[in-house]
Ligand SMILES: *Cc1c(COP(=O)(O)O)cnc(C)c1O
């Protein structure tokens, strides 16, 4: 069996090991140390936002954002339905209720029309407006973020931007994660850059980020002994992991260029197959193309996304269906949802293709050939 081709695996640039060695040499092996501040500084500068807290995961960042915004048990929080569960699990951690909003077809992200409908309808049904909105930029593609921010402002509801998959993506030249009241990033192993596991919270409000750092280190009040007047969390990023992050920040721009080129390679090779569709960038939207995704119209192609997935799997190549919408997940079956069936259809007809920046040209050729061969072997097309 040939070497496994992963969907998107960690890809070190070279400087990471030096930063990690430095952490060892100076014995800063804890969630305290100089790499943490330097990584936060690098992220803040890159995204052009003043304040940043480095945390143990993107999920932890969303959880702290909800706490800082005052989300409590029984509150409702709107969230994109088409996402990974890390976006909405923190709502449940707070004992709050997720309200899911479906996607539009242009970016596959939160539909602004359904968002407004959801806000008005929840207000009518519960007498209260949702307490916050979590909007996700899936696969690196910017949501219609300005329209969504306008709606949120009109209803005075704060927005958390889940840019876990979209570090480096921009809308009209401005980095994602900086439009909302707070933004989050993830540095999990498969994201565009990684700290092996980690996340960050960014904001323009210094007090919020200070509070996030306080809560993430067990909420210790200033005292010689351990004094606590808040419930804290163990959510800080370790100095060792922040060292990896510093090295990864140095090659982030290169990774974005590589990811975009991978998308172009697939598009050029596959766009002429009848029934295969890509997700182009609408005007003003710049995607980091974290993962290349396709839609397959089986009526026209003669094969399904599952046929592609199985053909790739037979060659030890990993691909994956698009995220299963949260409003279809058993665990959230009782959550209110506002859907027009778009994310459901995307889930049924979409596939994430292997998009690793450490995958070779020859391997990409092999992937493309495997997909092209489905046309030939399909009896319906002969
Ligand atoms: C990865 C991811 C998260 C969670 O990040 P972790 O660092 O894995 O906790 C949240 N939202 C989306 C959309 C993600 O892809």
Take 151, 29, 78 and order them by how many other Cβ atoms sit within 10 Å, fewest up front.
29, 151, 78
Given the range 89-206, report the % of alpha carbon pairs whose separation exceeds 16 Å.
62
Quick check on the range 15-252: of the DSSP beta bridges with both residues there, what percent are antiparallel, nearest 5%?
50
So how tilted is helix 34-47 from the main axis of the chain? Cα-based, degrees 0 to 90, rounded to 10.
60
Potential lengthening between residue 225 and residue 126 on full extension [0.36 nm per residue; Cα-Cα distance subtracted]:
31.2 nm
Cα gyration tensor of the range 1-59, axes a ≥ b ≥ c as square roots of the eigenvalues: rounded (a/c below 1.5), prolate (a/b > b/c) or oblate?
oblate
Neighbour counts of other C-beta atoms within 10 Å: give me 79, 52, 352 arranged from fewest to most.
352, 52, 79
If you average the C-alpha positions of the range 311-347 and of the range 179-225 separately, how far apart do those two centres end up, in angstrom?
28
Between residue 320 and residue 150, the two model label points (7 Å from Cα along the beta-carbon direction) sit apart by a distance in nm of 3.4
In a Gaussian network model over the chain where Cα atoms closer than 10 Å are linked, find which of 370, 83, 126 has the largest mean-square fluctuation.
126
Rounding to the nearest 10 and keeping the result within 0 to 90°, find how far the Cα-based axis of helix 112-126 lies from the longest principal axis of the chain.
50
Most exposed first by the Cβ proxy, i.e. fewest other Cβ within 10 Å, how do 182, 149 rank?
149, 182
Roughly speaking, what is the centre-to-centre gap between the range 24-76 and the range 123-158 when only Cα atoms are used, to the nearest Å?
23
The chain: D in µm²/s via Stokes-Einstein (Kirkwood Rh, Cα pairs, 10 °C, 1.306 mPa s)?
73
At what distance in nm do the modelled label points of residue 360 and residue 306 sit from each other, each positioned 7 Å from its Cα along Cα→Cβ?
3.4
Using alpha-carbon coordinates, inclination of helix 361-377 to the longest axis of the chain, degrees:
50
Whether the range 253-381 is rounded, prolate or oblate, judged on the alpha carbon gyration tensor where a/c under 1.5 counts as rounded
oblate
Highest GNM mean-square fluctuation among 33, 245, 356, for the chain with Cα springs under 10 Å, belongs to 33
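Here, each number is a calculation from the coordinates, and none is a lab measurement. For clarity, every value in this text was computed on a predicted model and none was experimentally measured. Note that each Cβ is placed from the backbone with ideal geometry, even for glycine, and that neighbours are counted across all protein chains shown.
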